[in-house]
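Below: one structure, written as structure tokens.
Derivation of every value follows stated rules applied to the coordinates shown; laboratory data play no part. Everything numeric in this text was worked out from a predicted model, so none of it was measured. Because the Cβ atoms are built from the backbone with ideal geometry, glycine has one as well, and the counts that use them run over all protein chains shown.
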Amino acid sequence: MVSSKPDNLVARRDLADTYEGLGRHYEGEDRGQASEWYRKSLAIWTEWPSRAPSTRMDQVRRDRVSSRVARLERRL
């Protein structure tokens, strides 16, 4: 859905949240896999301000996912 409607912010948010959820799922099993999912989520949040005004919603999510990526990189 996001690829067919790249400006659909609700779909982008949901996709980023899904990626983050997959990252959490894999964190205990496969840190490399978890990191990949978190990075996909982070990419969406990093790009967010180019598509919509940046607000606390995207900033908090970007910071949270960024912290998770950094934590996993320290462990790898």
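Among the residues of the stretch 3-21, write down those that are more than 14 Å from the chain's Cα centre (by Cα) and surrounded by 14 or more Cβ atoms within 10 Å (Cβ to Cβ).
ASN8
Can you spot a residue in the stretch 34-50 that is under 18 Å from LEU9 (Cβ atoms), of a type in the set (Phe, Trp, Tyr) and over 9 Å from the mean Cα position of the chain (by Cα)?
For the stretch 34-50, residues under 18 Å from LEU9 (Cβ atoms), of a type in the set (Phe, Trp, Tyr) and over 9 Å from the mean Cα position of the chain (by Cα): present.
Give me the pairs, please: first residue somewhere in the stretch 1-28 and among the β-branched types (Val, Ile, Thr), second residue anywhere and surrounded by 14 or more Cβ atoms within 10 Å (Cβ to Cβ), beta-carbon distance under 8 Å, and either six or more positions apart or on two chains.
VAL2/ASN8; VAL2/ALA11; VAL2/ARG12; VAL2/LEU15
Out of the residues in the stretch 44-76 that are touching a Leu at 6+ places or on another chain (Cβ under 7 Å) and small (Gly, Ala, Ser), state the one that is nearest to TYR19 (Cα to Cα).
Here the answer is SER66.
Considering every residue within the stretch 54-61, establish whether at least one is outside any helix (DSSP H, G or I), in contact with a helix residue (DSSP H, G or I) (Cβ under 8 Å, 6 or more places away or on another chain) and at negative phi.
There is at least one residue in the stretch 54-61 that is outside any helix (DSSP H, G or I), in contact with a helix residue (DSSP H, G or I) (Cβ under 8 Å, 6 or more places away or on another chain) and at negative phi.
Going by the structure shown, is LYS5 assigned to a loop (DSSP other than H, G, I, E, B) and among the charged types (D, E, K, R)?
Yes.
Take GLY32 and tell me if it is part of a helix (DSSP H, G or I) and surrounded by fewer than 13 Cβ atoms within 10 Å (Cβ to Cβ).
Against the criterion (part of a helix (DSSP H, G or I) and surrounded by fewer than 13 Cβ atoms within 10 Å (Cβ to Cβ)), GLY32 qualifies.
Which residue, of ARG24, ARG74, ARG39, is surrounded by 14 or more Cβ atoms within 10 Å (Cβ to Cβ) and either out of contact with any strand residue (DSSP E or B) (no Cβ under 9 Å at 6 or more places or on another chain) or part of a loop (DSSP other than H, G, I, E, B) (or both)?
When all the criteria are applied, what remains is ARG39.
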